[in-house]
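Since the structure comes first, as structure tokens, the remarks are kept for the end.
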Amino acid sequence: MQTEVLPASSHNTISRALTVLQAGGLIAFPTDTVYGVGALAFNGKAIEFIYAAKNRPMEKAIPILISDTEELTNVAVEVPEAAWKLASRFWAGPLTILVPKRADLPESVSATATVGVRVPDHAVARSLLRAAGPMAVTSANISGAQSPITAEEVYQQLGGRIPLIIDGGRTPGGIPSTVVDCTAPELTILRDGPIGLAELHFALG
């Protein structure tokens, strides 16, 4: 497969990305943390391609990125009050919140009853998400390798494995998001990131 690299500033990049996504293809693009690779969140077959492209174990769930907090109910059900509070404080930003998932989300996103959701604080990512809708997205690297912060680093790892990379320059964060489980009475951090447990508790009052 030939991998196309398009600048985020090009007027036809988003429309080209939509064509790839709607055909079941994968897109790599910048976020506020690292570059992600993703597919449409409700296309189970396309999401399976993410695992193949990354050599990612199938038992590892893939988070969903959305463009705005209001979209959370498009991918989640019975969202806990704590999740809404954390979303209102930290979105858009580097916090992935684990919530009960909608039953019609593919099992390839998550084989459990929960899913991680985030709104990235990056103009290119949010433009793509507003156009495409929710996307299943994980870091655009070979599983276990360094998470990429430039389009060039994505190409070094996934070139020939995915159809399109959107080049939006170097990502500002460089550290994957904090992942917090909001489905139990006590908050649990599942992956350390830029936002610590003390900040989360403070936001909840």
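The values are calculated or read from the model by the stated rules, or taken from the named source; none is laboratory data. None of these values were measured; they are calculated from a predicted model. Counting neighbours? That spans all protein chains shown, and the Cβs are built from the backbone with ideal geometry, glycine included. All accessible areas refer to the heavy atoms of the entire protein, side chains included, with ligands and DNA or RNA removed. Shrake-Rupley method; radii C 1.70, N 1.55, O 1.52, S 1.80 Å.
In table form, for the structure just shown:
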quantity	calculated
Region 15-81: equivalent-ellipsoid semi-axes (sqrt of 5 x gyration tensor eigenvalues, Cα, Å)	21, 16, 13
Contour excess over end-to-end distance, with Cα ends at Ala23 and Trp84 and 0.36 nm allotted per residue	18.6 nm
Cα→Cβ-extended label distance, 7 Å offset, between Glu107 and Arg130, nm	3.7
Region 8-122 - Kirkwood radius from inverse mean 1/r over Cα pairs (Å)	14.8
Dipole of the chain [Lys/Arg +1, Asp/Glu -1 at C-beta], most positive-end residue of Pro94, Ala203, Leu65	Leu65
Solvent-accessible ranking of Leu204, Leu197, largest area first, probe 1.4 Å	Leu197, Leu204
Where labels lie 7 Å past Cα in the beta-carbon direction, separation of Gln2 and Asp192 in nm	4.5
Accessible solvent surface per residue of the chain, calculated while the other protein chains remain in place, 1.4 angstrom probe, Å²	44
Extension gain, His11 back to Ala123 (0.36 nm per residue minus Cα-Cα distance, nm)	38.9 nm
Charge dipole magnitude, Cβ of K and R +1, D and E -1 - the chain, Cα centre, debye nearest 20	340
Backbone HN-Hα couplings from phi across region 192-202 [Karplus 6.51/-1.76/1.60, Hz, Gly and Pro as x]	5, x, x, 10, x, 4, 4, 4, 5, 5, 4
Per-peptide average of other Cβ atoms within 10 Å, ordering 6-14, 57-65, 112-120 highest first	112-120, 57-65, 6-14
Percent accessible area from carbon and sulfur atoms, region 1-156, protein chains only, probe 1.4 Å	51
Under-22-angstrom lysine pairs by C-alpha in the chain, whenever the two are 8 or more apart or on separate chains	5
Mean Cβ count within 10 Å, highest first, over the residues of peptides 160-171, 182-193	160-171, 182-193
